Amino acid sequence: MIRMDKRGQLSVEYLLLVLIILIILGTVTIPLIGNSIDASMDVSMVSDAKTAVESISSAADIVYSNGPGSRRTMDIYIPQGTNLNTANNIVGMNITYSEGTKFVNSTVNYRLNNATTAVSKGWYRVTVNWVIGRNYLDVALTQI
């Protein structure tokens with residue numbers, strides 16, 4: 001006949017209790033971590049879009065302050081496939097994130113060419129140019 005030690009039985013009970021606690025903690029925290037990751041990705045994507053739009057806006061303001069014939073070129077990152085809109089005094093793009101769509105925009109001091117440019121995720125070289133004789137600034141994108 002095999003006799004069990006009472007200390008061994010307590011050890012097994014403690015191991016089972018710890019296992020149950022870990023399972024409960026895992027089922028509660030894993031969905032929270034997933035939601036946090038989604039939220040941080042959304043913030044990052046909207047922030048990247050805002051940086052791109054404000055960079056174009058800043059370049060347009062510099063070209064405007066330098067006068068006709070001036071040009072400014074820079075590189076920007078577009079966080080997802082979307083349309084870049086330049087119309088009148090606004091540069092903007094729609095960003096789709098987990099809770100919907102947000103139009104990220106920035107205003108400039110002078111008219112821009114009315115254009116909607118389809119862009120995909122990636123780096124672009126942006127040229128803002130004020131051609132002599134025109135009453136608006138040209139914004140052109142080239143994927144790098």
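Please treat every number below as a calculation from the coordinates, not as lab data. Only a predicted model underlies this, so the values are computations on that prediction, with no experimental measurement involved. Every residue, glycine as well, gets a Cβ built from its backbone with ideal geometry; the counts of neighbours run over all protein chains shown.
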When all Cα-Cα pair distances of the chain are considered, the percent exceeding 25 Å is 48 percent
Zone reached by a paramagnetic label modelled 7 Å from residue 47 Cα along Cα→Cβ, restricted to the range 102-129 with backbone N below 20 Å, covers 102-106, 121-124
Relative to the chain, whose Cα atoms define the longest principal axis, helix 6-66 and its Cα axis are tilted in degrees, nearest 10, by 0 degrees
Per GNM of the chain with C-alpha springs under 10 angstrom, the most fluctuating residue out of 107, 29, 116 is 29
Of all DSSP beta bridges with both partners in the chain, the antiparallel percent, nearest 5, is 95 percent
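Compute the convex hull volume of the Cα atoms of the range 48-131, divide it by the residue count, and report the result per residue in Å³ as a whole number.
Values: hull volume 6.5 nm³, N = 84.
Roughly 77 Å³ of hull volume per residue.
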Whole-Å distance linking the alpha carbon centroid of the range 45-59 with that of the range 128-144 is 17 Å
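Which trypsin sites (Lys or Arg not before Pro) in the range 81-144 sit in a loop by DSSP (not H, G, I, E or B) and have at most 13 other Cβ atoms within 10 Å of their own Cβ? Show your work: numbers first, answer last.
Values: sites: 102, 111, 121, 125, 134; in loops: 121, 134.
Here the trypsin sites (Lys or Arg not before Pro) that fit, given the DSSP loop and packing criteria, are 121, 134.
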Among the range 79-119, those whose backbone N falls under 19 Å of a label point 7 Å along Cα→Cβ from residue 65 are 89-91, 106-112
